[in-house]
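Beneath this line is the structure, given in structure tokens, with notes to follow.
The values are calculated or read from the model by the stated rules, or taken from the named source; none is laboratory data. Keep in mind that what you see is a predicted model, and the values were worked out from it rather than measured. Here the Cβ positions follow ideal geometry from the backbone for every residue, glycine too, while neighbour counts run over all protein chains shown. Only protein heavy atoms, including side chains, enter the accessible area calculation; ligands, DNA and RNA are left aside. Shrake-Rupley method; radii C 1.70, N 1.55, O 1.52, S 1.80 Å.
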Amino acid sequence: MYTFETSGVCAKKITFEIEDNKIKEVNFEKGCPGNLQGISKLVVGMEIEEVISRLKGITCGPKNTSCPDQLAIALSQFAENK
């Protein structure tokens, strides 16, 4: 399980598990529960790169980032360091 401390969003932390370059599990701590549970379930089974390309750059209201964008950042960092 990998942990990413978020920045600029309501969620405080994202934990995720990767297996064979695919997302096995994602959990957000805090944030909008329904939306984040939905995102977590939608991305399970997807390739890391696909999730990054779909979620990178999404903003939330006036913020420069969002919880989906933070997940993309977390996965990008994971991919760079594996």
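Annotations
- Taken over the stretch 3-22, the criterion of being out of contact with any Asp or Glu (no Cβ under 8 Å at 6 or more places or on another chain), part of a strand (DSSP E or B) and not acidic (Asp, Glu) is satisfied by Thr3, Phe4, Ile18.
- Positions within the stretch 18-36 being farther than 15 Å from Ile52 by Cβ and more than 11 Å from the chain's Cα centre (by Cα), in sequence order: Glu19, Asp20, Lys24, Glu29, Lys30, Gly31, Cys32, Pro33, Gly34, Asn35
- Listed by position, the helices (runs of 4 or more DSSP H) enclosed by the stretch 28-82 that each have at least 3 residues that are under 17 Å from Lys13 (Cα atoms) are 33-43, 67-81.
- Restricting the stretch 41-54 to residues that are open to solvent by 60 Å² or more (accessible area, probe 1.4 Å) and not charged (D, E, K, R), the residue that is farthest from Lys82 (Cα to Cα): Leu42
Here's the yes/no breakdown for (1) without any contact (Cβ under 8 Å) to a residue 12 or more places away in the chain; (2) open to solvent by less than 50 Å² (accessible area, probe 1.4 Å); (3) in contact with a strand residue (DSSP E or B) (Cβ under 6 Å, 6 or more places away or on another chain); (4) basic (Lys, Arg):
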| site | (1), (2), (3), (4) |
| --- | --- |
| Tyr2 | no, no, yes, no |
| Cys10 | no, no, no, no |
| Glu19 | yes, no, no, no |
| Lys24 | no, no, yes, yes |
| Ile39 | no, yes, no, no |
| Thr65 | no, yes, no, no |
| Pro68 | no, yes, no, no |
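- The residues on offer are Ile48, Ile52, and the sole one that is in contact with a Ser or Thr (Cβ under 6 Å, 6 or more places away or on another chain), under 19 Å from Met1 (Cα atoms), free of Cβ contacts under 8 Å to residues at least 60 places away in the same chain and of a type outside the set (D, E, K, R) is Ile52.
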